[in-house]
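Read through the structure below, which is laid out as structure tokens, and then see the notes.
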Amino acid sequence: MVAAAIIVDGRLLLAQRTRPPELAGLWELPGGKAEAGETAEDALRRELREELGIEVSGGDRIGDDVPLPDGRVLRAYRVELVSGTPVALDHADLRWVDGRELGEIDLVGNDRGWVPDLRLHLNGW
Ligand code: DCM
């Protein structure tokens, strides 16, 4: 599973989940499942095109791998917004947050461990 940290002007894009019921309303780094034969960058480009209507590039790792209960691993990447304005095509809402707001918003549990690393990127380190 791949998730994207998209940072523009010192703010990180978060997306609000609609499903499953226990995660609905919580915020996440957008992303999804890499399909067979896809690189992480390919998967992020496809997922973000489908979910947000944007084009991205790049993909340096951020933070540690998060093991999921089903045996898969969730991995975050910093990507650059190349074109488009994100639209919530598959989420309830979108928000751009600064470092302080990132600490206050209700993130999905799997993404919470990335906050310190994300803050370093938001603060320009
Ligand atoms: N997931 C997560 N954090 C993300 C992206 C995904 O915890 N930033 C988890 C939530 C689901 C699983 O991955 O358990 C599948 O996500 P989806 O339903 O979006 O395909």
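A count restricted to the range 103-125 and to residues that are out of contact with any helix residue (DSSP H, G or I) (no Cβ under 9 Å at 6 or more places or on another chain) and of a type in the set (Val, Ile, Thr) stands at 2.
Screening the candidates GLY84, GLY99 for the property of being more than 21 Å from ARG19 (Cα to Cα), of a type outside the set (D, E, K, R) and exposed (fewer than 14 other Cβ atoms within 10 Å of the Cβ) yields one hit, GLY84. LEU74 falls short of the stated requirement of being under 17 Å from VAL97 (Cα atoms) and among the aliphatic types (A, V, I, L, M). Taking the criterion of being basic (Lys, Arg) and assigned to a strand (DSSP E or B), the residues of the range 54-90 that qualify are ARG61, ARG75, ARG78. On the basis of being in contact (Cβ under 8 Å) with a residue 24 or more places away in the chain, within 12 Å of the ligand (Cβ to nearest atom) and of a type outside the set (Phe, Trp, Tyr), does ASP111 make the cut? Spelling it out, ASP111 is indeed in contact (Cβ under 8 Å) with a residue 24 or more places away in the chain, within 12 Å of the ligand (Cβ to nearest atom) and of a type outside the set (Phe, Trp, Tyr). Does the range 35-58 hold any residues that are touching a strand residue (DSSP E or B) at 6+ places or on another chain (Cβ under 6 Å) and either within 11 Å of ALA3 (Cβ to Cβ) or of a type in the set (Asp, Glu) (or both), and which are they? Residues satisfying the conditions are ALA40, GLU41, ALA43, LEU44, GLU47, LEU48, GLU55.
A count restricted to the range 62-76 and to residues that are surrounded by fewer than 20 Cβ atoms within 10 Å (Cβ to Cβ) and within 14 Å of ALA34 (Cβ to Cβ) stands at 5. For PRO69, the criteria (1) within 14 Å of the ligand (Cβ to nearest atom); (2) out of contact with any Gly (no Cβ under 6 Å at 6 or more places or on another chain); (3) at pLDDT 95 or above hold in every case but one, which is (3).
Results for (1) near the ligand (Cβ under 9 Å from one of its atoms); (2) touching a residue at least 60 places away in the same chain (Cβ under 8 Å), shown as yes or no for each residue.
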{"site": "MET1", "(1), (2)": "yes, yes"}
{"site": "GLY32", "(1), (2)": "yes, no"}
{"site": "ALA43", "(1), (2)": "no, no"}
{"site": "GLU51", "(1), (2)": "yes, no"}
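The condition of being more than 15 Å from the ligand (Cβ to nearest atom) and in contact with a strand residue (DSSP E or B) (Cβ under 7 Å, 6 or more places away or on another chain) holds for only one of ASP98, ASP117, that being ASP98. Consider the range 10-24 and keep the residues that are more than 17 Å from VAL87 (Cα to Cα) and in contact (Cβ under 8 Å) with a residue 40 or more places away in the chain. The one that is surrounded by the most Cβ atoms within 10 Å (Cβ to Cβ) is LEU23.
The values are calculated or read from the model by the stated rules, or taken from the named source; none is laboratory data. What you are looking at is a predicted structure, and each value in this text was computed from that prediction instead of being measured. Neighbour counts run over all protein chains shown; Cβ positions are idealised from the backbone, glycine included.
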